[in-house]
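Heads up, the thing below is written out as structure tokens.
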Amino acid sequence: MTEYPHAPAPQEPADRAVDERNRRLARAGVARAEELLVRRYPIRSRQEAFDLLRRASQKSNVKLHTLADVAVRLPAPQAGAPSWVPSRPQGAAPSLPALHSGPERLTGHGAVLRAALRHTLHVTGAGMGNVQLVENGMLRLEQHTGLNRRFTDYFTFVRDATTACGQAAGERRQVTVKDVAVSDIFDEPSREAILQAGSRACHSVPLVSPGGQVMGMISTHHEETLGDFSVAQLAALRQLGAQVGRWLLWHRNTAVLSALNDLHTSASHGN
């Protein structure tokens with residue numbers, strides 16, 4: 001996870017139960033991929049499978065947990081197949097006009113997410129925010145700014161609709177919470193985790209692929225209660241969500257699948 005400059009100093013870690021939950025969920029996705037590799041390739045142990053995942057991740061600059069998630073969700077390759085997924089024309093990255101303030105071109109997964117968060121904060125006038133990506137049926141925190149450690153620990157993984165981001169993902173629409181203290185969206189632990197970070201209101205923007213798949217979420221957090229956003233603001237955020245969602249799908253279908261094919265080659269030859 002990445003913090004921007006000038007974020008508050010880290011707070012005390014989340015309680016033991018939250019820490020254990022995060023460790024368990026983070027480990028579970030990688031463990032499923034290890035088990036899959038051991039079953040389908042000439043691999044002697046889960047440690048060897050983990051090492052293969054790590055090397056493929058580093059070679060392709062794709063996060064290990066992202067590679068593991070895609071590996072367990074895609075159909076297994078046929079025995080003796082030259083690749084996990086068939087080669088396909090990659091094409092250029094989709095344009096992101098909503099994020100550009102100059103002639104430079106954004107490159108890289110992290111750079112796109114950081115730019116998307118900055119732009120969303122600018123449109124909404126917020127000083128705090130975060131980006132989550134969908135992984136293993138959950139929202140997983142990827143980027144954040146201005147939010148303390150207790151908040152980021154608590155919301156490392158979001159699995160249900162008792163938050164604005166969870167509701168926005170489930171309904172594939174923007175969700176505004178004008179006053180966190182009285183909203184009926186949240187369960188009490190979620191409400192308290194948000195309020196203690198200094199957030200009194202929030203807004204969530206789904207990142208949606210052209211086919212309507214939610215790829216992730218950007219949420220802003222505001223120190224004061226909110227009124228209504230303007231039609232122009234909501235339209236700008238919807239456009240941003242569509243552009244970034246399209247880019248994330250392209251990235252998964254190019255960089256991540258390339259990493260998966262590298263993994264297949266290494267595992268097939270016991271490298």
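The values are calculated or read from the model by the stated rules, or taken from the named source; none is laboratory data. It should be emphasised that the depicted structure is a prediction, and the values quoted were computed from it without experimental measurement. Virtual Cβ from ideal backbone geometry, glycine too; neighbours counted across all protein chains shown. Heavy atoms of the whole protein, side chains included, go into the accessibility calculation; ligands, DNA and RNA do not. Shrake-Rupley method; radii C 1.70, N 1.55, O 1.52, S 1.80 Å.
Before moving on, here are some points about what is shown:
- Qualifying residue in segment 264-271 (condition: closer than 30 Å to PRO82 by Cβ, in a helix (DSSP H, G or I) and among the hydrophobic types (A, V, I, L, M, F, W, C)): yes
- Condition check for LEU234: of a type in the set (A, V, I, L, M, F, W, C) and either in a helix (DSSP H, G or I) or modelled with pLDDT under 95 (or both): yes
- Residue satisfying condition, being under 18 Å from GLU142 (Cβ atoms), of a type outside the set (Val, Ile, Thr), surrounded by fewer than 20 Cβ atoms within 10 Å (Cβ to Cβ) and at pLDDT below 85, within set LEU64, LEU106, LEU96: LEU106
- ALA201 vs. criteria open to solvent by less than 40 Å² (accessible area, probe 1.4 Å) and either under 18 Å from the mean Cα position of the chain (by Cα) or not charged (D, E, K, R) (or both): yes
- Some residue of segment 50-73 being assigned to a loop (DSSP other than H, G, I, E, B) and touching an Asp or Glu at 6+ places or on another chain (Cβ under 7 Å): no
- Selected residue [touching a helix residue (DSSP H, G or I) at 6+ places or on another chain (Cβ under 7 Å), open to solvent by 50 Å² or more (accessible area, probe 1.4 Å) and more than 30 Å from PHE50 (Cα to Cα)] from GLN174, GLN239, GLN243: GLN239
- Residue among PRO210, PRO189 that alone is more than 20 Å from the chain's Cα centre (by Cα) and open to solvent by 10 Å² or more (accessible area, probe 1.4 Å): PRO189
- Residues of segment 155-166 satisfying the condition of being of a type in the set (S, T, N, Q) and modelled with pLDDT under 95: THR162, THR163
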